[in-house]
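Asker: Handing you this structure, nothing more for now.
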Amino acid sequence: MQSVNSRSGVLRVGEKIQFTDRKGKRITAQLVAGGVTQTEHGLICHDDVIGQSEGVV
């Protein structure tokens, strides 16, 4: 996972982020507490991402 902007650090509510799957497909989302992003491979719960360092998920 990469942040849309160039800063690095811990991901926070309200940030726009970019998920990249194994095939290189990118999905941009804004982190929302309790939010979910749907992909071709399943769901990503925003609460699992919030507070993590970039590139961890």
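Asker: Which strands (runs of 3 or more DSSP E) sit wholly inside the stretch 11-57 and have at least 3 residues that are among the aliphatic types (A, V, I, L, M) and surrounded by 10 or more Cβ atoms within 10 Å (Cβ to Cβ)?
Answerer: none
Asker: Suppose we keep only residues that are over 15 Å from S53 (Cβ atoms) and modelled with pLDDT of 65 or more within the stretch 1-17. Which one would you say is nearest to the chain's Cα centre (by Cα)?
Answerer: Per the criteria, the residue is K16.
Asker: Another question, then. Which members of the stretch 35-56 meet the condition of being of a type in the set (D, E) and either at pLDDT 95 or above or closer than 13 Å to Q18 by Cα (or both)?
Answerer: Hits for the stretch 35-56 are D47, D48, E54.
The values are calculated or read from the model by the stated rules, or taken from the named source; none is laboratory data. Just so you know, these numbers come straight off a predicted model, no measurement behind them. Heads up, the Cβs are rebuilt from the backbone with ideal geometry, glycines too, and the neighbour counts pull from every protein chain shown.
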